[in-house]
Structure formats: C-alpha cells, structure tokens
1. May I ask for the angle, rounded to the nearest 10°, between helix 321-334 and the longest principal axis of the chain, with both axes built from Cα atoms and the value confined to 0 to 90°?
2. Please label the shape of segment 330-377 as rounded, prolate or oblate, based on the square roots a ≥ b ≥ c of the eigenvalues of the alpha-carbon gyration tensor (a/c under 1.5 means rounded; beyond that, a/b larger than b/c means prolate, else oblate).
3. Based solely on its DSSP helices, what 222 nm [θ] is calculated for the chain when runs of n ≥ 4 H residues each add -39,500 (n - 2.57) and the sum is averaged over all residues, nearest 500 deg cm²/dmol?
4. Taking 7 Å along the Cα-to-C-beta vector as the label spot, tell me the Ala135-Glu303 distance in nanometres, rounded to one decimal.
5. What's the magnitude of the charge dipole for segment 368-411 around its Cα centre, counting Lys and Arg as +1 and Asp and Glu as -1 at the beta-carbon? Answer in Debye, nearest 20.
6. What does the charge dipole of segment 383-474 about its Cα centre add up to, to the nearest 20 debye, if the Cβ of each Lys and Arg holds +1 and the Cβ of each Asp and Glu holds -1?
7. Does anyone have the angle between helix 2-24 and the longest principal axis of the chain? Alpha-carbon axes, 0 to 90°, nearest 10?
8. Note the angle between two axes, namely the Cα long axis of helix 358-371 and the longest principal axis of the Cα atoms of the chain, as a number of degrees from 0 to 90, rounded to the nearest 10.
Amino acid sequence: MIGRMRRLTHLSLLLAIITFCNVARADVKLPAIFGDHMVLQRGMEVPFWGTADAGEKVTVKAAGQEKSATADDKGKWRVALDPIDVSDPIELTVAGKNTITFKDVLTGEVWLCSGQSNMEFPLKRASNADEAIKAADHPKMRLFRVGRAYKDEPQEDLAGGKWELCSPQNVGEFTAVGYFFGAELHEKLNMPVGLIQSDWGGTRAEAWMPKATFDSLNLPYEPAWTQEWLHPKQNPASTQPAKERPYEAPAVLYNSMIAPFAGYAMRGAAWYQGETNTAYPVDYRRVLGAMITSWRDAWGEGEFPFLIVQLPNFEGPTRDWVALRKSQQQVTKDLPNVAMAVTIDLGVATTIHPTRKQPVGHRLAVLAEKTVYGRDVPYSGPTFKSMQSSGGEITVSFDHADGGLVSKGEVQGFEIAGDDGKFFPAKAKTTGDDQVVLSADGVASPKMVRYGWQNNPTCTLYNKADLPAAPFEAK
C-alpha cells in the first residue's frame, strides 16, 4: 500500500512539472497573415514578426537566408529578410523552442484591396461572373480575405483569414474588382500575385485610420455613428430609433482589419470607397489624405503606390457625389504616388452597386502597369489641358488623347457658362486628335466649362485606348 502511494505521489509530481512547463512555455507564434501559400513581396525587405518567450531566440530561414532576433521583455520579436526573388515555391521556417514551417510560399507582387461595398462586391455577383469564375484557375495567384471585426484598440492579430490558391472553387466570394485587377497584373507581368482583401460595406474612411490620425483632423462635425447619420436627409420626421453602426466609428476597422498586418511587405494598395463619405464630401480630401499617410507610416515602406477608384455616376439625390469626386482628384495632387482610375461611365443611376467590375479592375491594372511598373501602356483617359474662348465657342484641349478622341454616340457630358456662371448643356464636336469645340444656346460668350459635373452625368468621351475622359471644371 505504501509503495502504491509513493508511485501515485511521484506520478502527481511528474504531471505537475509537465503542466508547469506547458504553462510557462510560450510557443513561437506569428499573425495569421503568415501562412502556407502566402506570397512574399519581391524586390524589397521582407519583415516577419510575432511572439515568443521573453528573451527567446527566434530564427527565420528561407531561400538560403537565416536571420535571428531575440524576443523583448513583452515577448515580441521581429526579423527582416533581405529581398527574395525566386521563381519556384519555397519552404520557410520560423524556429524558437518550437518550429513552424510554411509551405508553398511564392515571391511576387502583393497588393492590398480595401474600401467599402463596391470593393467588397464579390466576383459571383459581377456581370460576367460565370465566365470569369470558370477561367479563374491561377495557381500562382493567391488570395487572402481578412476576417471582419471592429475593436477600440489596435489588435495583434486578425479575426480570421488564410491564404488560398486562386481557383474556380474559391474565387466567387472574393472581391470582383480586386480579382480582375490582380488577374490582369498576373498575366501582364507574368509573375505570382498575392491579393489581400480587407473591406466592409457601408463604412466611412474615418473607420479605416488610426484614432490619433482621426483626432488630429479636428473635423467640423461629430455625428453619431448611426444609420440616421448615414442617411441624414431621409425620413427627417421618423420617430424610429436610429440603427447603431458601431463598425463606422473612428479607427475601429483600422484597429482590427489593417493594424494586425501593417508592415507585411507589399507593393501598394487599391482603394474603392467614398460613397458613405458623400455626406461630408469636401472634408474627404483631408480625410483620405490623412488615411493614406497613416497607412504609409504604419507600413514603413515609404510612399508606397496608392490607387483610388473614383466614384462612378449614380443618381444619389441626397448626396453630393460631384464634390466627393473632386476631393478624390485633389488627393492625387496633394500626395505623391497616388493615382486614380476614372469610372464615370460605369455606374447605374438606380443602384449604388454597379455590376460591371471587370472594367474597373482593368483600369486599375493599366494604371499600375504604367505608374508602378513603368510599362509603356495607355493608362489614363483624356484629361483637361487648356481651353480657349472665341466668339460663341470654347475649344478644350486634352492630355492623354492616346490616338485621338472618340465618342460613343453623340458627345455628351459637357456644360458651358458665361460670366454669369449659369451652365447650359453644350453641343460638342471633336476636332483634330485632342480637342473638343463647344457651344450652347443662351451662352453668347462662354468663359467656363465642365464635364461630367453632375451626380449622374451621361459621359461619352474616350480616347482610342477605350479609357474615359475624367470629370473636370475649368474657369
């Protein structure tokens, strides 16, 4: 009996020691953005980070490199590998007291696709969904969908997400704009592409920036984050309580859907958002500019490329889409390495979610080809260059005519005004390769011109690269 009791005591002690060791030991861990099938950005330093025991040595090995770091007193560590540029898949290990192996890792071009519902809009709902999904067999194109969450403080990891190979089986739920953008780059550049989708429909840009950035803006409004704020002019006499939208609050989406992977090496970001900010469109210039700067600061890669999708035509009777588009244009002038894809011809008057997403992705792709990768391709539709008044006509000259101006049907979208500032729809005709001559009944001496300067204009002017003219006003 005594011997049995001694054996039980020894067993209990052994179990206690094992339990203590398991509790005391913290395995090396990395955020969810690191995983099998991931794409690492080629041509630049590649950071890795995570947690371990304080003072634990962590070693990262990949493609002939081996670099180590020691976890600080809070258990955090960071290792940066030199640029990796290999054509075949590799394995990558992260080792401390335990070892993690990531398999089927590629190097290529990594892009973040973010914004609200028109970026979130899935491929399965796009106008050419069946054809596109059937053709989406791209094993060297990888997709990562960030899990939805909103938090008051920056998070260490994402609520969910994993890298997947792009295939007809899993691409249907992925962002349509992001997919078409990435698939075209994958084909044109002939290299792997990794896309990170982080978006949430109906959200303001303020939710996608750090709290300190939002506070520094000192915006002249402090609306409640409710459905009532989202539609301030609808049902003013309604006695129904406003629907709370906590995921709209400043910083909450940045904290949970951007901050956890800020620093993951990438080429740049594509941004399709602004519909919700049309309630305060003039302020959007500062808001979006501050958000872009805050992301660049968080990534520490310098002024990485940032591609904006300008909002398309939409009736939107209670909002000022014209002013929002103008703010988007101004941001491209305020900050370096920011470019904009024009979609003024792709909207639908009666729905905020147009289904033609492939042209949006194409315009982002050619924008990236030229401005990011230096390829000699037409990347912009006609943009205003100058104007000249003579008698009852005004002649507008354009940059980026790229083979000549063309119109799909009658030239529409122009308005002109005299000194009184009263605009009238203009009769228009193209002359030469890069000019349009305008006139209008009731405007004897035109001094001002604008194009696409309505919420839902009909715009028909393009260049021969089939890229639409950008909205503008000139006085």
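Rule-based calculations on the coordinates, nothing more; no lab input. Small disclaimer: the values here were computed from a predicted structure and weren't measured. So basically every Cβ, Gly included, is an ideal-geometry build from the backbone, and we count neighbours across all protein chains shown.
1. In the chain, helix 321-334 runs at an angle near 70 degrees to the longest axis.
2. On the way: a/c = 3.67, a/b = 1.60, b/c = 2.30.
Oblate, because a/c is 1.5 or more while a/b does not exceed b/c.
3. Numbers: 10 runs with 108 residues, N = 475.
-7000 deg cm²/dmol, from helical runs alone.
4. 3.6 nm
5. 100 debye
6. Details: 8 positive and 12 negative charges, 18 e Å.
Computed about the Cα centre, the dipole is about 80 debye.
7. 30 degrees
8. Taking Cα atoms only, the helix is inclined about 80 degrees.
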